[in-house]
Amino acid sequence: MNGSAVNGGGGAPGVERELVDEKVTFIADSSHADRFLPRISVSKEKSGPNARHSSVEKSFRPFTSDDMPRVLDFDELPAPPKDATMRFCEDGGTEGLKFPVRHVCVRGGFLFYFDIEDVDDHDGGGRFVSYLAPPLGVVPLADCDIALPPGGRRVFREHAHTDARNGYELVLIHDPDDRQGGEVARPAAFLVAQSLVEREKWVQALKSRAEFAADTKLRRKSGRQDVDGSSSMGVGRGGFKSSGGKAQKMRGARNLQAAAEAAENEEEQEIEQACKEFGVSGFEDEGWIDRYFATNNDLQATAKIDELEQWQVSIKKGVRGAVLEQYAYFVEASSEMTTMGKEVSSLKSMVETQNEVIKEMKDIDFGTAFADGELDSLASDDEIEPGALRRKTRRRRALQSNVPDDDQSDASSLSSSADVRSKRKGGEDEEGVPGSMEIPGWLDDVHEEISAFIKECRYSDATNLLFKAKTEIVEILALHERPTEVTLSKKQHANMNNILNSMDTLSERMCNRLVESLRRKNEALKQAGKRERADPSSIMAPMVSPCCLHDDLIPLQLLVRLGKTQEAATAYAARRSLLLLESLHERPISGTGNVDLVIYAAQLSQSFFSCLAGSVEGFLDLFQFQSELGSPSHDDHSVGNSSSSMMTAASRNVPPGALSSIVLWCDSELSKFSSAFGGTRILGNLALSPPPRSESQKAQSGKMRMVGAGFDEETQTSSSSKERQNAIEVAAQCVNQAFQYASENLDNIGLPLTPRLAEYIRSRLKGCEAEVARLLDGQWRHAALDWEADADPHHNDDHHHQLEDRNARRAPHGALTPPR
């Protein structure tokens, strides 16, 4: 294809010939600085009869709507994308940048954009388009770079506040070639596609045409028209005929609408025919082909192929329309669901508001409002005072004005309140009852204050205010019970009892929140410890466990002050169990030999028993702190003076339930230590099990016992292996270390658990407890006395007599060892 037209006699000699070449160019729009208008450049080359003399005439004419279908694309490049509707950036003057919707198409080296009212898209896909008016403007693609928003964004940051945010933006930037002699750069053109896929297609098409340097030509005209594009009727402004232009446009629109309806009906008929022919059940394509060629030849097959392709196009369009319709339904349903979600949220907020109102109404005590015979006086008034029937919503006062800082402030506040209560307001209080007691005003808001502190997790402030309110109310009720003229009215007395009951409810709520907070923190530390021990890289770096931090001290003290001693003991034991578990998993500072095993046993024992002693002391300090605060003591429920030890002296302030739970906890932790000590960490690495005895050895040993000559311990020891003897010696040294550190740390606090430890370790010695007991230091022989007595019943008589004498001497100490 080319863009030339030849007029004349077909090249016969003696006839003048005329060659016409039309191509698209552009000029700047005088009314819009950022817009360019397309023009047609017409070149006429005339040659004489002898073909020796020729002349070229060049002219420009406006671009009309009839020229758009004649604009040719580049044959060397792929086909351009279908016409589409995009937003095009335009200068709105005082209103700023605008992005109106335009009909956009690419032909050759230009991008044309039209007003959507001037374009009739018959099928909605941009393939069959009729142009009713010239384009609004054109964007030359030569020497242009196509850029996208940086960072993967949809639009440029400068256009985020415009309508461009609803699509995917791209920009065409003119980069003039310096070799063209100082060409001025054209303004950038911004386009906004409807989808990401559409933008990618257009970017590829625009880039390929921007790099292709060629003229955009027009196809040869059909019919007899003048070369300048005008007919005998003349061309009006805008490129279309001025005579009857508006009526012609309306007739064209009606004709196009009728054509679109006819095309839609035809597509429906084609789809019905395709369903009848191919929509039957059990359809086989090979059988259908055989039946077709049985009655038709190859020449007729070409027409059938075209028909089938047309059916396929109609089916695709129908499926696409159905998908778009379903998508529209989905979008509509999504918007409805969003609206419903907002309505549900508003209803939820309204329900919460109603619940708060109902709670406030439940707190109103109508009985106390009329307890003093005030019904008649209130009924006679025209208007009931709001403060008489419901609680006033007052502004929260500062905590410093209500919570005392020390004991002196407590004494001063109590004395001042007593002075205030002793005063009279002319012999009549605020309710008008003579001789009634004046109640401090801050007690009316104490419930809201404490509730606010609990919500803000300010438990210390809430506890201090709670105890202050309780003390004040108790003193007021005590003054009321005295036989004086100043007493509480019925309404005041009921109000004091209600406040006292609400204090108990708030105290219970605060205790539950403290216990739950401690439980969650202990569980989190437990899981974190498991993850750190499972991490192989944690061995390479020193680590301090967060369990060592005493960050639970304040919540535990608050629980003790509030009387929840059993819950405080449980939470305290749970955290210290984690600390003792960390000490049992402490990495050894020595190697793997026998000597190093004794060092590791000393390290493990020192770490565990020092932590255990510190935990017991910290538990006693909790209740010592409580007694120093001057709270109600537990002398009637504490342990009596059984000894002069530190634990017995400190346990006087500890309730028996908490004390028994901490003692049981110590016993369970001692069992865990024995399992670790007798497991793979210490004793499990030693060969302590006795070797198997053969039948001949059994018979020989029985005969020697019958004879009773030459049998002693040295003979039995010589039959054992040297490795086992060394293992027994190392085990004895390790047990010595455990007993020593247990005694040093626990005996000083009045908690002698060495006999209990000996009982737990005995089950881990694999039957060699008698040999280990003989190798222990003398100070621990009383703890391991049963090891030798119950190990072998066939010892000689002298040895049995020694055991009996030792038991007789150790009888006073035997009561310390718990029965097995």
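The values are calculated or read from the model by the stated rules, or taken from the named source; none is laboratory data. Source: prediction; values computed, not measured. For neighbour counting, all protein chains shown are included, and Cβ atoms are generated from backbone atoms with ideal geometry for every residue, glycine included. Ligands, DNA and RNA are excluded from the accessible area calculation, which covers all protein heavy atoms including side chains. Shrake-Rupley method; radii C 1.70, N 1.55, O 1.52, S 1.80 Å.
Going by what's in this entry, would residue 407 be described as at pLDDT below 85, among the acidic types (Asp, Glu) and within 30 Å of residue 553 (Cβ to Cβ)? Spell out the reasoning first.
Details: at pLDDT below 85: yes; among the acidic types (Asp, Glu): yes; within 30 Å of residue 553 (Cβ to Cβ): yes.
Answer is yes for this residue.
For segment 731-753, enumerate the residues that are open to solvent by 10 Å² or more (accessible area, probe 1.4 Å) and part of a helix (DSSP H, G or I).
The answer is 733, 736, 737, 740, 741, 743, 744, 745, 747, 748.
Hey, any hits in segment 591-613 for a residue that's at pLDDT 85 or above and either in contact with a strand residue (DSSP E or B) (Cβ under 8 Å, 6 or more places away or on another chain) or in a loop (DSSP other than H, G, I, E, B) (or both)?
No, segment 591-613 contains no residue that is at pLDDT 85 or above and either in contact with a strand residue (DSSP E or B) (Cβ under 8 Å, 6 or more places away or on another chain) or in a loop (DSSP other than H, G, I, E, B) (or both).
Suppose the filter is small (Gly, Ala, Ser), open to solvent by 50 Å² or more (accessible area, probe 1.4 Å), part of a helix (DSSP H, G or I) and modelled with pLDDT of 80 or more; does residue 674 pass it?
For residue 674, the condition - small (Gly, Ala, Ser), open to solvent by 50 Å² or more (accessible area, probe 1.4 Å), part of a helix (DSSP H, G or I) and modelled with pLDDT of 80 or more - is not met.
Just the residues that are in contact with a Cys (Cβ under 9 Å, 6 or more places away or on another chain), assigned to a loop (DSSP other than H, G, I, E, B) and open to solvent by less than 40 Å² (accessible area, probe 1.4 Å), please, taken from segment 81-99.
Hits for segment 81-99 are 81, 83, 99.
Looking only at segment 23-79, which residues are at pLDDT 85 or above, open to solvent by less than 60 Å² (accessible area, probe 1.4 Å), outside any strand (DSSP E or B) and not polar (S, T, N, Q)?
If the condition is that a residue be at pLDDT 85 or above, open to solvent by less than 60 Å² (accessible area, probe 1.4 Å), outside any strand (DSSP E or B) and not polar (S, T, N, Q), then 29, 35, 63, 67, 68, 70, 72, 73, 74, 77 are the ones that fit.
Taking residue 498 as the residue in question, decide whether it is modelled with pLDDT of 85 or more and farther than 22 Å from residue 558 by Cα.
Values: modelled with pLDDT of 85 or more: yes; farther than 22 Å from residue 558 by Cα: yes.
When the stated conditions are applied, residue 498 passes them.
Return yes or no: is residue 129 open to solvent by less than 40 Å² (accessible area, probe 1.4 Å) and over 15 Å from residue 202 (Cβ atoms)?
yes
Identify, please: which residue in segment 436-451 is among the acidic types (Asp, Glu) and open to solvent by 20 Å² or more (accessible area, probe 1.4 Å) and is, among those, farthest from residue 474 (Cα to Cα)?
448
What do you reckon, is residue 335 in a helix (DSSP H, G or I), more than 30 Å from residue 128 (Cα to Cα) and out of contact with any His (no Cβ under 9 Å at 6 or more places or on another chain)?
Considered against the rule, which asks whether it is in a helix (DSSP H, G or I), more than 30 Å from residue 128 (Cα to Cα) and out of contact with any His (no Cβ under 9 Å at 6 or more places or on another chain), residue 335 comes out as yes.
Among the candidates 245, 223, 182, single out the residue that is of a type outside the set (Ser, Thr, Tyr), at pLDDT below 85 and open to solvent by less than 50 Å² (accessible area, probe 1.4 Å).
Of the residues listed, the single one that is of a type outside the set (Ser, Thr, Tyr), at pLDDT below 85 and open to solvent by less than 50 Å² (accessible area, probe 1.4 Å) is 245.
For a quick check of your reading of the model, give me the residue pairs whose first member lies in segment 463-477 and is farther than 17 Å from residue 488 by Cα and part of a helix (DSSP H, G or I), whose second is of a type in the set (A, V, I, L, M, F, W, C) and modelled with pLDDT of 90 or more, with beta-carbon atoms closer than 6 Å and at least 6 apart or on different chains.
Filtered contacts from segment 463-477: 465/450; 466/450.
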